[in-house]
Amino acid sequence: MKPTPSAPEPTRERSERSSSRKLVVVGLIAAVVAGGGLGAGGFLTPQESGSGNQTPPVAAEAGGGRGNGGNHLTLNAPVQGRPDMMGEMPMISPERAAEMLRQTNFTMQEQAEIMAALRRREIILADMPMYDMAGSGAVVNVESLGLVQTVHLGPQPRSVILPIRIAGNVSVTPVGDPGPMGVHAGAVFVPGPTPLPVLMRGSSLVIGVVVQ
């Protein structure tokens, strides 16, 4: 029998680079869920209010989160031990940070705090586009590092700019009463569009985020 030819060197190098990247991502995910772990398949039931996890503030029910002078970037915010799911997100380059922040509903003070933390290299910006899978015009609050922004979802993905570390948690909470059907939202992660667990009244979803 003829010996099987060995794999060409370029193919082998690409494979090694891919394996190396996967190891980095796995290591970051492990840091996010340390002490908590994930359920089967990486999905759990969204946390009900009053559970052991800390529920993020609801901006709409507190004057948009700005009734007492606005939100503040919390670099030492406590991390919930057990995210409901994981997601990889692309990083926004520092050169585009100011432009992207102007498209959000962050106040000028919040944008200034974010930009200052970016310059100190304490955080980065990630983009988590979200959309409404049911066409009901759902509204959600998205919280990251203490900052809450209210997002009106539509059928097309809408960029949600998140201040975050390389790995951390992002909380998503329905605004008001989503009705008996709940909020059927989706998010665009690095692999592609991903349906999120249905959000009912009084529940929140915690996404363990890794930024690449």
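Expressed as a whole percentage, what fraction of the accessible surface of the range 85-211 belongs to carbon and sulfur atoms when a 1.4 Å probe is rolled over the protein heavy atoms? Using a 1.4 Å probe with all protein chains present, the range 85-211 comes out at 57 percent carbon and sulfur.
Net charge dipole, the range 85-211: roughly 140 debye, given to the nearest 20, about the Cα centre with Cβ charges of +1 for Lys and Arg and -1 for Asp and Glu. Taking amide H as placed 1.01 Å from N in the peptide plane, the amide H of Phe189 sits under 5 Å from that of Thr194, each at least 5 places away or on another chain. Using θ = phi - 60° in the Karplus curve 6.51 cos²θ - 1.76 cosθ + 1.60, the 3J(HN,Hα) couplings for the range 153-159 round to 8, x, x, 9, x, 10, 4 Hz; x is entered for Gly and Pro. Probing with 1.4 Å while keeping every protein chain in the model, the per residue accessible area of the range 85-211 equals 41 Å². For the range 85-211, calculate the relative contact order in percent as a whole number, restricting contacts to Cα pairs under 8 Å that are 6 or more residues apart. Rounded, it is 31 percent for the range 85-211.
For the range 85-211, the Cα-based Rg and Dmax, in that order, read 14.1, 45 Å.
Taking each residue as 0.36 nm, the span from Arg158 to His72 lengthens on full extension beyond its C-alpha to C-alpha distance by 28.6 nm.
Between the amide H of Met91 and those of Gln212, distances stay under 5 Å, these residues lying 5 or more places away or on another chain, with hydrogens modeled in the peptide plane. Give me the Kirkwood hydrodynamic radius of the range 102-169 in Å, from all C-alpha pairs, to one decimal place? Computed over the range 102-169, the radius equals 12.8 Å.
The values are calculated or read from the model by the stated rules, or taken from the named source; none is laboratory data. All values derive from a computational prediction rather than experimental measurement. With ideal geometry, Cβ positions are generated from the backbone for all residues, glycine too; neighbour counts draw on all protein chains shown. All accessible areas refer to the heavy atoms of the entire protein, side chains included, with ligands and DNA or RNA removed. Shrake-Rupley method; radii C 1.70, N 1.55, O 1.52, S 1.80 Å.
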